[in-house]
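Reading through the structure tokens given below for one structure.
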Amino acid sequence: QVQLVESGGGAVQAGGSLRLSCAASESLFSINAMRWFRQAPGKEREWVSSISSVGVHVYADDVKGRFTVSRDTAKNTVYLQMTSLKPEDTAVYYCNALRSQNQYWGQGTQVTVAS
């Protein structure tokens, strides 16, 4: 079972930046993909970004060009650098590990963007 610990959330003004971290308990090379999701109040959880075990990264359309996913394989850690933040980015952000047919979730970290 993969354990995930997130950090880096907080409150910022619109236009600001935050970097989220997700530390995995196992090697990123043993995980098919690391993904970021978010859930705003009253809305369903939505996918934000993914990075595969070979480093390929993809983004949802509404964060493309503003968010960047990266990883440090020596630390088994994935990052989500968020820039040009908007109030609509306010949500709880979750880290997710996909390995074979199993998914593992972090505890979530709150991001609040004030207008």
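The values are calculated or read from the model by the stated rules, or taken from the named source; none is laboratory data. This structure is a prediction, so every number in the text was calculated from the model and none was measured. No Cβ is skipped: glycine too gets one built from the backbone with ideal geometry, and neighbour counts run over all protein chains shown.
Per the conditions (1) farther than 23 Å from residue 112 by Cα; (2) free of Cβ contacts under 8 Å to residues at least 24 places away in the same chain, the sole criterion not satisfied by residue 64 is (1).
Looking only at residues in the stretch 8-66 that are part of a loop (DSSP other than H, G, I, E, B) and within 11 Å of the chain's Cα centre (by Cα), the one that is farthest from residue 86 (Cα to Cα) is 8. In the stretch 71-108, what residues are of a type in the set (Asp, Glu) and part of a strand (DSSP E or B)? Within the stretch 71-108, 72 is the sole residue that qualifies.
Considering the stretch 64-115, the residues that are touching a helix residue (DSSP H, G or I) at 6+ places or on another chain (Cβ under 7 Å) and hydroxyl-bearing (Ser, Thr, Tyr) include one that is nearest to residue 54 (Cα to Cα), namely 73. Taking the criterion of being in contact (Cβ under 8 Å) with a residue 40 or more places away in the chain and in contact with a Phe, Trp or Tyr (Cβ under 6 Å, 6 or more places away or on another chain), the residues of the stretch 37-61 that qualify are 37, 38, 45, 48. Within the stretch 73-87, the residues that satisfy the criterion of being touching a residue at least 24 places away in the same chain (Cβ under 8 Å) and either among the aromatic types (Phe, Trp, Tyr) or out of contact with any strand residue (DSSP E or B) (no Cβ under 8 Å at 6 or more places or on another chain) (or both) are 73, 79, 84.
When residues in the stretch 62-115 are screened for being surrounded by 14 or more Cβ atoms within 10 Å (Cβ to Cβ) and of a type in the set (Asp, Glu), 1 of them pass.
Which of the residues belonging to the stretch 43-55 are at pLDDT 95 or above and either touching an Asp or Glu at 6+ places or on another chain (Cβ under 7 Å) or not polar (S, T, N, Q) (or both)? Listed by number, the residues that qualify are 43, 44, 45, 46, 47, 48, 51. When restricted to residues that are surrounded by 14 or more Cβ atoms within 10 Å (Cβ to Cβ) and of a type in the set (Asp, Glu), the stretch 1-45 contains 2.
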